[in-house]
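These notes are about the structure you will find just below.
The values are calculated or read from the model by the stated rules, or taken from the named source; none is laboratory data. The structure displayed is predicted, hence computed values, not measured ones. Reconstructed Cβ throughout: ideal geometry from the backbone, glycine too, with neighbour counts over all protein chains shown.
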Amino acid sequence: MSRIFGAALRLTVVSWVVFGLGYPLLEVGVNQLAFPAAANGSLARFGGRVVGSRLIEQRFTGAGWFHGRPSAVHMNARSSGGSNIGPSSALLARHLAARRARLLARHPGLAGRRLPADMITSSGSGLDPDITPANAYLQARWVARARGLPLAAVRRLVARHERRPWLGLFGQARVDVLSLNLGLARIMAKARYARMVR
Amino acid sequence: MSPGAFWQIVLELLVAGAISVPFGHYLARVFQDQKTILDPVLDPVDRLIYRLIGRDVVDQAMDWKGYAANMLLTNLLMGLLIYTILSWQGHLPWNPLHFPDVGPFLAFNTAASFITNTNWQNYGGESTLSLFSQMAAITFPMFTSAATGFVVAIAFFRALGPARDKGRNLGNFYRDFVRVLTRVFLVPCLFITPILVWQGSPETLTGMVTAHLVQGGLQHIPMGPVADLEVIKHLGTNGGGFFNANSAHPFENPTPLSNIIETLLMMVTPMALVVAFGRMVGNPKLARVMYGVMGSMLVAALFIAVAAEQRGTPLLAHAGIMQHAGAGQMGGNMVGKEVRFGITQSAIFDTVSTAFTTGSVNSMLDSYTPIGGMVSLVQMMLNCVFGGKGVGILNFLMYGLFAVFIAGLMVGRTPEFLGKKIEKREIVLASLALLVHPLIILVPAAWSLTVPYGVSSLGNTGPHGLSEVLYAFTSAAANNGSAFAGLNGNTPWYNVSLGLVILFGRYASIIFMLALGGSLAAKPPVQETVGTLKTDTVLFGGFWFATVVVVGALTFFPGLVLGPIAEFFALYAHHGALGGVR
């Protein structure tokens with residue numbers, strides 16, 4: 001029995017050292033060298049400051065920015081998750097109706113229209129960085145108006161940031177909201193600079 | 001179903017199938033001690049590990065009792081190690097966010113859950129565990145628990161193979177364990193982790209980054225060694241996430257490509273084990289029948305789940321949400337799903353994850369349509385749609401012994417399986433192995449629904465609340481780990497009851513299976529005669545399938561009627577008449 005015990009104990013220790021410490025630390029080392037940007041969270045910088053991760057949703061408010069999806073965790077990256085509300089729940093119906101009513105109050109033109117599914121449903125992670133192209137083009141109208149930009153310019157911006165499904169088949173076409181809004185900020189900065197020079 | 005959804009399902013299945021055949025041949029070679037391509041690199045590694053464990057222990061042949069005892073003892077020690085690390089987390093290194101020690105109930109539940117390949121999580125990773133715990137108490141058992149299930153299956157295959165040395169031919173636990181770890185898990189993990197990092201999964205020892213947001217304010221973004229955990233989480237059909245949102249979290253699963261890689265990683269080993277089984281027992285035709293039966297259940301589940309989620313619900317239609325896929329949007333039920341995966345990649349992932357009992361999710365099952373969620377529930381109830389590492393195919397073989405026995409009685413043939421007579425002892429052990437499953441699901445689920453400390457955890461009411469509890473115990477018993485996560489499991493009652501169900505679901509059935517293996521191994525082979533019932537035919541495959549479905553349906557149908565099926569009808573009765581957009 002003690003011989004078995006010793007063997008089981010040694011197996012436990014050896015595999016713990018190899019797989020619990022060696023393997024993760026080796027991968028950290030290799031990937032910090034090979035893919036430093038991705039290995040450190042795909043951080044986006046603007047004006048020299050870290051303004052977020054391109055993979056993590058952050059809150060945008062006001063008509064001058066594109067908005068991401070509703071989040072069950074208020075975009076708190078320290079506590080990811082979905083709403084976990086069931087498909088027949090009255091609470092789900094109330095949440096959807098309230099989100100729709102808020103949108104309609106700001107944009108009466110949407111009355112009577114069906115909305116893209118991602119626009120008023122909350123995501124699985126609560127940190128979904130993407131919206132669908134249909135959602136982005138719908139928002140482009142009021143973003144352009146609020147910014148005083150030609151609609152065509154904003155639509156071009158969306159098109160530039162649109163990512164196709166992998167191999168044109170797998171997954172969903174999408175636009176990452178942070179990159180899109182940073183692109184918007186760059187256009188605005190350029191326009192301001194052009195006015196100053198003139 | 002759109003052509004896009006159809007082809008995503010079909011192509012992923014074809015790729016998984018294409019990988020599983022050569023991989024299965026490789027597994028059979030590894031466990032029959034034949035030469036493989038990795039030997040020159042890995043033989044010295046294995047020899048070093050054998051020397052550390054003790055050469056004499058590694059060389060002895062084991063009967064089923066020896067194999068089971070060593071397996072249990074090793075698992076116990078590893079479980080204690082995990083419990084200790086979690087309980088002492090606050091005093092251990094790499095704790096950049098200064099998380100406190102994990103409490104005893106939660107530490108017990110987590111240790112039980114990860115040592116058994118279940119990976120049920122009553123905590124949110126990013127808000128509970130230090131980076132050290134994530135590596136040393138989570139990533140570590142992801143390797144060893146998968147290896148445990150794997151070697152038990154291998155031992156059972158040997159028992160069904162040609163008899164040697166009066167039943168002492170199940171192999172050596174330590175040797176099998178080490179060979180699985182190095183030859184099956186470590187090598188793919190080393191090479192696939194960088195692909196996930198390239199896609200965007202972090203791999204760092206920085207615990208958190210603080211961002212100064214575009215519109216002002218701060219966002220604290222936790223990260224850590226995520227990518228390496230993701231690979232073994234799926235390759236080992238483990239399923240526990242680094243983050244609370246599991247594979248829905250963009251850091252765990254950043255792109256459609258990473259989603260496909262994780263899906264394939266879940267599928268290949270359990271599928272390949274069937275191929276390896278055929279070679280190890282010398283009957284590839286039987287393996288093809290098994291592969292066909294399990295494969296057709298999987299195909300049906302995938303198409304039903306994707307179609308149900310794409311169809312959406314009347315509640316969503318009534319809320320004014322586009323329900324049909326169209327230009328630049330996917331329609332369907334996007335509650336709890338991520339845009340980059342859309343409907344199809346979400347439903348494929350969760351369905352595969354519950355078929356292969358991984359338990360990771362890239363979309364929240366609690367918010368699936370009643371039918372979409374039921375597909376996952378049913379697969380865990382059957383627990384043999386390929387199933388997890390090793391135990392899935394063993395469950396399927398238990399059903400197979402049943403089928404042989406019943407068919408033998410019906411047509412008056414001697415019940416034999418692979419040249420071994422199936423007698424009373426075998427049927428009793430197979431029944432026990434299969435009956436543990438419904439017993440530890442239905443009894444505690446019913447109990448939870450009748451006591452205040454059980455009901456108070458429900459996140460939803462009505463039939464969906466019942467589904468949440470039923471799902472929790474089914475997931476624990478099947479060692480799956482996915483959840484209808486609205487249920488708050490982090491209470492003393494659920495931590496302890498789910499922890500115990502997890503342990504019984506794992507070790508009780510494994511011990512019955514090994515005992516059955518020991519009993520079969522000791523039997524002299526019988527010559528095949530005209531009176532033998534052939535098991536490697538399509539006809540018997542159909543009977544095998546019927547046995548699984550009939551036994552599963554008789555056991556679980558009442559629960560399904562009260563949960564998802566009732567919800568389905570209530571949903572359509574209540575909202576079906578409304579429709580239109582307000």
Item to check | Set B:Val15, B:Val30: member being within 13 Å of chain A (Cβ to nearest Cβ) and either among the β-branched types (Val, Ile, Thr) or outside any loop (DSSP other than H, G, I, E, B) (or both) | outcome: B:Val15
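The rows are residues; the columns are (1) assigned to a loop (DSSP other than H, G, I, E, B); (2) more than 25 Å from A:Val143 (Cβ to Cβ); (3) at the interface with another protein chain (Cβ under 7 Å from one of its Cβ atoms); (4) modelled with pLDDT under 95.
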position: A:Val14; (1), (2), (3), (4): no, yes, yes, no
position: A:Leu21; (1), (2), (3), (4): no, yes, yes, no
position: A:Pro24; (1), (2), (3), (4): no, yes, yes, no
position: A:Asn31; (1), (2), (3), (4): no, yes, yes, no
position: A:Ala44; (1), (2), (3), (4): no, no, no, no
position: A:Val50; (1), (2), (3), (4): no, no, yes, no
Next on the checklist: Can you say whether A:Gly68 is surrounded by 22 or more Cβ atoms within 10 Å (Cβ to Cβ), within 14 Å of the chain's Cα centre (by Cα) and at positive phi, as far as the supplied structure shows?
Outcome noted: no
Item to check | Test: residue in the stretch B:260-277 that is closer than 25 Å to B:Asn117 by Cα, touching a residue at least 60 places away in the same chain (Cβ under 8 Å) and facing another protein chain (nearest Cβ under 7 Å) | outcome: yes
Item to check | Of the criteria (1) surrounded by 15 or more Cβ atoms within 10 Å (Cβ to Cβ); (2) under 23 Å from A:Trp16 (Cα atoms); (3) in contact with a Phe, Trp or Tyr (Cβ under 9 Å, 6 or more places away or on another chain), which one B:Gly24 fails | outcome: (2)
Next on the checklist: Name the single residue that is surrounded by the most Cβ atoms within 10 Å (Cβ to Cβ) among those in the stretch B:57-94 being without any contact (Cβ under 8 Å) to a residue 60 or more places away in the chain and either of a type in the set (S, T, N, Q) or in a loop (DSSP other than H, G, I, E, B) (or both).
Outcome noted: B:Gln89
Next on the checklist: Please return the ranges of helices (runs of 4 or more DSSP H) entirely within the stretch B:271-387 where 2 or more residues are in contact with an Asp or Glu (Cβ under 6 Å, 6 or more places away or on another chain).
Outcome noted: B:284-311, B:342-355, B:370-382
Next on the checklist: Please determine whether any residue of the stretch B:28-50 is surrounded by fewer than 14 Cβ atoms within 10 Å (Cβ to Cβ), at positive phi and free of Cβ contacts under 8 Å to residues at least 24 places away in the same chain.
Outcome noted: yes
Next on the checklist: I'm trying to understand the selection: among the residues of the stretch B:448-466, which are part of a helix (DSSP H, G or I) and either in contact (Cβ under 8 Å) with a residue 12 or more places away in the chain or exposed (fewer than 14 other Cβ atoms within 10 Å of the Cβ) (or both)?
Outcome noted: B:Ser448, B:Pro452, B:Tyr453, B:Gly454, B:Val455, B:Gly462, B:Pro463, B:His464, B:Leu466
Item to check | Hey, B:Asn109 assigned to a helix (DSSP H, G or I), closer than 24 Å to B:Ala146 by Cβ, more than 14 Å from every other protein chain (Cβ to nearest Cβ) and not charged (D, E, K, R) or not | outcome: yes
Checklist entry - Which one is nearest to the other protein chains (Cβ to nearest Cβ), of the residues in the stretch B:112-142 that are of a type in the set (Phe, Trp, Tyr) and surrounded by 24 or more Cβ atoms within 10 Å (Cβ to Cβ)? => result B:Phe140
Next on the checklist: Condition (residue is over 17 Å from B:Pro270 (Cα atoms), under 23 Å from the mean Cα position of the chain (by Cα) and surrounded by 23 or more Cβ atoms within 10 Å (Cβ to Cβ)) applied to the stretch B:147-166: is it met by at least one residue?
Outcome noted: no
Next on the checklist: Suppose we keep only residues that are among the aliphatic types (A, V, I, L, M) and farther than 29 Å from B:Pro564 by Cα within the stretch A:66-121. Which one would you say is nearest to the other protein chains (Cβ to nearest Cβ)?
Outcome noted: A:Ala77
